[in-house]
1. Determine the relative contact order of chain A: mean sequence separation of Cα pairs under 8 Å and six or more apart, normalised by residue count, in whole percent.
2. Enter the mean number of other protein chain beta carbons within 10 Å of the beta carbon of each residue in A:238-250, as an integer.
3. Hey, rough spin-label estimate for residue A:320 and residue A:271, points 7 angstrom out along Cα→Cβ, what's it come to in nanometres?
4. Per 5 Å bin, what percent of the C-alpha pairs of segment A:160-313 does each bin hold, from zero upward?
5. To the nearest Å, what is the center-to-center distance of segment A:282-300 and segment B:59-128, using C-alpha atoms only?
6. What's the average, rounded to a whole number, of partner chain beta-carbon atoms within 10 Å of each residue's beta-carbon in A:303-310?
7. List, in order, the whole-Hz ³J(HN,Hα) value for each residue of segment A:184-200 obtained from phi through the Karplus relation with A = 6.51, B = -1.76, C = 1.60 and θ = phi - 60°; use x for Gly and Pro.
8. Nearest-5 percent of antiparallel DSSP beta bridges in the protein assembly as shown?
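Rule-based calculations on the coordinates, nothing more; no lab input. The structure presented is a predicted model; accordingly, all values stated were derived computationally and were not measured. Cβ atoms come from the backbone with ideal geometry, glycine included; neighbour counts cover every protein chain shown.
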Amino acid sequence: MVIEKPVKRIYPMLYFIGIIIVVLGCLQLVPLVVSLIYKERFISSIFLATASFTILVGEGLMAIGYRYRSTKLSFGEGTVVAAGAWLLGTMLCALPYYFSGSCLSFIDSCFDVMSGLTTTGLCLIQDMDHLSNGINMWRQTLTFTGGQGMVVLALTFLTKDQSNAYKMYVGEGKDEKLFPNAVSTARQIWKISIFYLIIGTVVMTFAARSAGLAWDRAFLHGMWVYMSAWSTGGFAPMSQNILYYHSSLFELCAVVFFVIGSLNFALHHAVLSGRVSEIRKNIETITFTISFIILSSLVTVGLMKNNVYPDLLAFLRKGLFHLISGQTTTGFMTVYAKQFYYEWGDIALVAMTIAMLLGGSACSTAGGFKALRIGVIFETFKTEVKKLLLPESRIVEYRIHHIKEMILSDSLIRSSFLIVTAYLVTFTVGTLITLLFGYPLTMAAFESASVTGNVGLSIGVTSTSMPLLLKITYIIMMWLGRLEFMSIFALIAFILKGGLKK
Amino acid sequence: MFLIIAGCTQVGALLVKKFVDTGHNVVVIDRDKGNFDYLETGCNCLMIHGMPIDEDVLKEAGIERADALIAVTAEDNMNIMISQIAKHLYHVPHVMMQANHPERQAVLSAKGLHMICPIALTADHFYTSLLQKENSI
Amino acid sequence: MKKIPLVLILSLLCSNVVKAGTLPTYTSIELIEQAKSLNQTEVIYQGEVIGDVLFRGEQAWLSVSDGVNAIAVYVPIQLLPEDLALGRYLYTGDIISVKGILHRACQNHGGDLDLHVSYLERTSLGYPQEREFPEYIWIIGGVFSGIALIGANYLKKRHEVSE
C-alpha cells in the first residue's frame with residue numbers, strides 16, 4: 001500500500017479553488033455587459049481583459065488538479081479550499097479596480113474587494129461621484145456574491161463529485177442545511193436571493209424614482225442599493241451613501257430589505273415553505289429583537305442627553321436607522337462619518353459599537369457574533385443558574401428553538417463561546433492597532449467593531465490616507481470576521497505545515 | 001431525488017455514499033449514534049439520530065416531501081413498520097425495504113411492499129453463477 | 001440701555017452679510033466638523049454639482065462636492081440655472097458657489113445636514129473630461145479570452161474522455 005505524500009493533497013484542493021475562480025471570472029461579465037450598454041469603452045476593455053484572465057487562472061488550477069478531482073477532502077482541507085479561494089479571488093477581483101484607476105494602489109483595490117465580498121461596505125475607492133456604471137455594477141456584484149458566498153455560488157454549478165461539497169460549504173461560515181445535500185442547499189440559497197432580487201429591484205426602483213431620479217438612473221440605483229441592502233453590504237453608488245436620496249420612503253424600503261437580508265436562510269426557507277410561525281418562535285429573532293430594544297433605548301438616552309436631533313422623525317431617520325443598519329451589519333449611512341464622532345456622544349457610540357459586534361443571524365448575509373450564538377450563550381447562563389436551584393441528582397435537558405427544537409448540547413455551547421471569543425479578540429486587537437496609529441478610543445473601537453462585524457459604518461478612520469499597515473489589518477479582520485476564523489486558521493496551518501514537510 | 005434511508009448499517013452507509021456522490025438529497029436515520037461512523041467524515045447528507053419509527057423523527061427527516069424511502073435497519077419488523085408508515089401514512093412514492101427472512105416475501109408482496117432479501121439474493125447468485133460455470137465446462 | 005451696543009454690533013454684522021462675499025467660504029470638512037458651531041448660520045460653500053437634481057415641489061436637492069465630501073444643498077428652483085450640468089462619469093459638472101444657512105440636523109428634512117440656499121452662482125461651466133484611454137487593452141482582452149476559450153474547450157474534451 002502506498003501512503004499518499006502530503007504534497008499530493010494539494011491537487012484536489014487546487015481543482016476546487018479553480019472552479020471557484022472560474023465562477024468569479026464569469027461574474028466579471030456582469031459589469032462588462034453594463035459598461036457595454038453605457039458605452040464605457042475603457043471600462044469594458046478592462047473587464048474583458050480581467051474576466052478572461054481570471055477565468056484563465058481558474059482553468060489553469062482546474063487543469064493542474066483535474067486528475068485528482070474525485071479525491072476525498074478532509075474537513076480541514078475543505079475549509080482551506082474556501083479560505084484559499086477567498087484569498088486568491090480577492091486579488092483577482094481587485095484587478096478591475098486597479099487597472100481602471102478607481103483605486104490608488106493595489107492594496108486599496110484589495111481593501112475594496114474584501115470589503116465588498118465580506119459585505120462590509122467600507123470603501124477606499126476614489127472619486128465615487130464620478131464612478132462609471134461598470135465599476136459600480138462590479139462593486140455591487142461583489143457584495144451580492146459575497147453575501148451569499150462565493151463558494152455557495154460555485155457549488156450551485158457542481159453537478160458531479162458532490163461528496164466534498166459540504167466540507168467547502170462549512171468553510172465559508174455557513175452550516176445550516178436547508179436540504180440534506182449542500183449543493184441543493186446552495187441552489188436554494190441562490191433561489192431565495194434571486195427571488196428577493198427581482199422583488200427588491202422593482203420596489204427600490206420605484207422608491208428611487210419617487211426620490212427624484214430619472215427612470216434609468218432610478219433602475220440602476222434601485223438595483224444597486226437593493227443588492228447592497230439584501231447582502232447587508234453598505235456600498236451605495238454615491239459618496240453620500242443613502243443621505244444622497246433625501247427620502248424617508250427610500251430609507252424605509254432599504255431598512256425592510258436589509259432586515260430581511262439579515263435573517264437566517266433556514267428561516268427564509270421555513271417561511272417560504274409555509275411555516276410562518278417560525279418567525280415568532282425562533283431564538284434568533286427573539287434574541288435580535290430583545291437586544292435591539294435594549295440598545296435602541298441606550299441610543300435614545302445618549303442622543304437625548306446630547307440633544308442631537310430636533311424631533312422624532314429625525315431621531316428615527318438618524319438614530320434608529322443607524323442602529324438597525326449597524327446591528328444588521330449593513331452599514332448604510334445617512335450622516336457623514338465624522339458626525340458620529342463630533343455629535344453623537346459616548347453613550348450612543350458605545351451602544352452602536354455593541355450593536356455592530358452582536359450582528360444579525362447566523363447563515364445569513366450578516367456578520368458579527370450572530371444572534372444564534374448570543375441566544376445560546378444567554379440560555380447557557382440561564383440553565384446553569386437553574387441547575388444550581390435543582391437537586392443535584394436531577395438530570396434535565398434544555399432545549400432551544402431554532403427551526404426545530406434543539407438540545408442545548410455541550411458542543412453547541414462550546415462552539416458558540418469559541419467563536420464569540422475569537423470575535424472579541426479580533427475586535428480588541430483591531431482597536432489596539434488603530435489606537436497605536438493615534439486615533440482616539442471611541443473612534444478606534446467604533447471602526448474596529450465595524451470592521452470585525454463586517455458592518456461598514458465609518459466614523460472617519462477609513463480613508464485612503466490611513467496607514468498601510470492599518471489597511472492590511474482591516475483587510476485581514478474583515479476576512480476573519482466573514483469566514484468565522486476556523487477556515488483561515490486552517491489555511492495558515494496548511495501553508496506552514498506544507499512548507500515544513502518539504 | 002429526496003431520499004430517506006432508515007438504518008445506517010453497512011448497507012445503509014454504502015447506499016448513502018452512492019446516492020450522495022451522484023448529487024441526491026439523502027437523509028439517514030439511525031437510533032444508534034455510533035452507527036454514523038460507517039459514513040465518511042463530513043458526509044454531504046443529513047444525519048438524524050432517533051428512532052426511525054417515531055413520526056416526529058420521520059417528519060424531521062422530511063418524509064412529507066420525500067421521493068423515496070429505503071428501510072435497511074438490522075431488524076425485519078422495524079423495516080416492515082417503517083415501510084408501512086411511509087407507504088400508507090405518508091404516501092411516499094417509492095418505498096423499499098430489506099428483510100432477512102426469505103419466507104416473508106409472499107406476505108409482504110401481498111401487502112404491496114417492495115422487499116429485497118440479501119440472503120435469497122446471495123443464494124440465487126451462487127446458484128446461478130455455479131450453474132453457468134457448469135454449463136460452460 | 002445695555003442693549004444699545006448689542007444692537008449696534010448686530011446691525012454692523014448684518015450690513016456685512018448684506019455685502020456678501022465677506023462671509024467666509026467653508027470646505028465640506030469644515031462644515032461637517034464644525035457643524036455644531038456653524039449650525040443655523042449663513043455660510044458660503046463652493047463645489048461641483050454631481051449626480052442628480054432631486055426635485056421636491058418648489059425646491060430641489062443638489063449634491064455639491066468639493067472633492068472630499070458632497071454636501072446636500074436645498075435650492076428654490078427659480079435659483080437653478082436652466083442648463084445646469086451635472087457631474088457624472090467622464091463629465092465634470094458645473095462649479096457653483098452657494099450662500100445659505102447650514103443646518104446640522106435639519107428639522108424639516110429628518111435631521112439631514114444640509115444647506116438651505118438663498119443665493120446661487122455658477123462660477124464655472126461643466127465640461128467633458130478629455131482622457132486618453134489606451135486601446136491596446138482590447139487586444140490583451142481579446143488574446144486572454146481566446147486562450148480562455150481554448151482552455152475551456154480543452155477541459156471539456158478531457159471531461160468527455162474521462163466519462
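1. Across chain A, relative contact order equals 17 percent.
2. 5
3. 1.8
4. 2, 8, 13, 15, 15, 16, 14, 10, 5, 2, 1, 0, 0
5. Segment A:282-300 and segment B:59-128 have Cα centres spaced 50 Å from each other.
6. Partner-chain Cβ atoms within 10 Å, mean over residues of A:303-310: 2.
7. 4, 4, 4, 5, 5, 4, 5, 4, 4, 5, 5, 4, 6, 4, 5, 4, x
8. 60
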